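Taken together, the values in this text are just the output of simple stated rules run on the coordinates, not laboratory data. Note that the structure is a prediction, hence the values are computed from the model and not measured. Every residue, glycine among them, receives a Cβ derived from its backbone with ideal geometry; neighbour counts consider all protein chains shown.
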Ligand code: HEC
């Protein structure tokens, strides 16, 4: 299982374009796919973006570490993308908050995911420069890219996520 998942990720890395970002689905059942993608989504803020936000406020000047966090976040996002397997929406897995638009407007969903990865990679570059103003500007773009799919508060909905009831 883990092996097939890794090869799907490797394949996606090879393909690499926005159109293909979610085309190499992880070989995993719907309930497991939901569990794994929600785990990744929940890890984004505490594991990766918190450090970037602190750098944007001038509170974290370990720029090499911030750049590494950006790279880690992009990898995590690519994995999450592969876990939105067809048939794993809210209808099939009630605890999922994934909206049907993920699959009916797949090009838009892929574009929203790609946009966040692009802005996150640009954060990596901004961090390497050590320019706090650039980091701050980049952090604001990341916030907008998250909002391409859903709002900031955990319970909020959005274009691709159902509001938590
Ligand atoms: C490409 C679309 C997309 C982008 C961009 C995106 N998310 Fe998500 N996110 C989702 C979807 C869809 C779900 C719901 C998944 C499910 O329940 O199956 C979700 C769920 C979550 C959850 C889980 C909430 C819970 O408790 O169930 C968190 C936390 C989260 N996202 C954080 C973030 C953060 C932080 C960012 C930006 C750094 C981000 N997301 C960007 C699509 C996205």
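On a full-extension model of 0.36 nm per residue, what is the gain between residue 68 and residue 101, subtracting their alpha-carbon distance, rounded to one decimal in nm?
Computed gain between residue 68 and residue 101 is 8.7 nm.
Under a Gaussian network description of the chain, with springs only between Cα atoms under 10 Å, the residue in 110, 62, 51 that fluctuates furthest is 62. For segment 80-138, taking Cα atoms only, Rg and Dmax work out to 15.9, 46 Å respectively. Relative to the longest principal axis of the Cα atoms of the chain, helix 30-43 runs at roughly 10 degrees. For the chain, the longest principal axis of the alpha carbon atoms and the long axis of helix 132-146 meet at an angle near 10°. A protection proxy built from the mean count of other Cβ atoms within 10 Å ranks the segments 154-163, 135-144, most packed first, as 135-144, 154-163. With viscosity 1.306 mPa s and temperature 10 °C, the Kirkwood radius over alpha carbon pairs of segment 34-77 converts through Stokes-Einstein to a diffusion coefficient of 148 µm²/s.
Any idea what the alpha-carbon Rg over 2.2 N^0.38 Å comes to for segment 2-156? Dividing the Cα radius of gyration by 2.2 N^0.38 Å gives 1.05.
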